[in-house]
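Structure first, then comments.
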Amino acid sequence: MSHRSFIRKAISNVFYRFVYETERHNGVGELLEILGSIINGFAMPLKREHLQFLVKALVPLHKPKCVSLYHQQLSYCITQYVEKDPDTAIPIISGIVKFWPWACSSKQVLFLNELEEILELMGPDQLQQIHKDLFRVLSKCLGSQHFQVSERALFLWNNEHLVNNG
């Protein structure tokens, strides 16, 4: 068990260095692929250190400019957490909103796709807790000058789960 803690800290340090210092993404996607398998095997309820890893290491990976290079793997890890525990969607969406890429339309479309995946897994209770921040971002996206961003945000309203629970 002590090796797991050491490995988790080492991976966290790689992510911290990447996000806050270098933004050199060598191996980040591959690490996220491995983490996806590990997260899939987490026992319920999630341990405190797993939740801390989510908030402090995974969610900040939305910040770098090159997020599109590993976004698919990151999104998989994030949705694995939400599938395990829908309450994790609250800090995840808060983090995504915090790191929202207002100046990059292609990243906004990626984030909107990820938001829809997360929203599909949430219940009405979780959605109620973050609806103000979420719908503030979605309303700005609807009014975006870039057609793909506004179209993707508008497309969210075709999602029965979001419409019925929001």
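Derivation of every value follows stated rules applied to the coordinates shown; laboratory data play no part. The model shown is predicted, which means the values in this text are computed figures rather than measured ones. Because the Cβ atoms are built from the backbone with ideal geometry, glycine has one as well, and the counts that use them run over all protein chains shown.
Listing for the model above:
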| quantity | calculated |
| --- | --- |
| Among LEU138, TYR81, LEU69 the positive-end extreme of the charge dipole of the chain (Cβ point charges) | LEU69 |
| C-alpha long axis of helix 28-40 to longest principal axis of the chain, angle in ° | 90 degrees |
| Packing-based exposure ordering (other Cβ within 10 Å, fewest first) of SER94, SER2 | SER2, SER94 |
| Under Karplus coefficients 6.51, -1.76 and 1.60, residue-wise ³J(HN,Hα) of region 47-53 in Hz, glycine/proline x | 6, 4, 5, 5, 5, 5, 4 |
| Cα centroid separation - region 90-113 against region 1-79, whole Å | 17 Å |
| For region 29-81: span of alpha carbons on each principal axis (Å, largest first) | 33, 19, 15 |
| Helix-derived mean residue ellipticity, 222 nm - over the chain, DSSP H n ≥ 4, -39500 (n - 2.57), to 500 | -20500 deg cm²/dmol |
| Members of LYS98/LYS132; LYS56/LYS140; LYS84/LYS107 lying beyond 23 Å, as alpha-carbon distances in this model show | LYS56/LYS140; LYS84/LYS107 |
| Helix 71-84 vs. the chain, principal-axis angle (Cα, 0 to 90°, nearest 10) | 90 degrees |
| Residue order, fewest to most surrounding Cβ atoms within 10 angstrom, among TYR81, TYR76, TYR70 | TYR76, TYR70, TYR81 |
| Neighbour-count ranking [beta-carbon atoms within 10 angstrom, fewest first] of ASP87, ASP125 | ASP125, ASP87 |
| Globularity index of region 1-57, i.e. its alpha-carbon radius of gyration over 2.2 N^0.38 Å | 1.15 |
| Highest-MSF residue in the chain out of ALA153, ALA89, ALA43 [GNM, Cα springs under 10 Å] | ALA43 |
| Helix 105-121 vs. the chain, principal-axis angle (Cα, 0 to 90°, nearest 10) | 80 degrees |
| Paramagnetic reach from GLU33 (point 7 Å along Cα→Cβ, amide N under 18 Å) across region 42-70 | 67-70 |
| Contact order normalised by residue count of region 115-166, Cα under 8 Å, 6+ apart, percent | 45 percent |
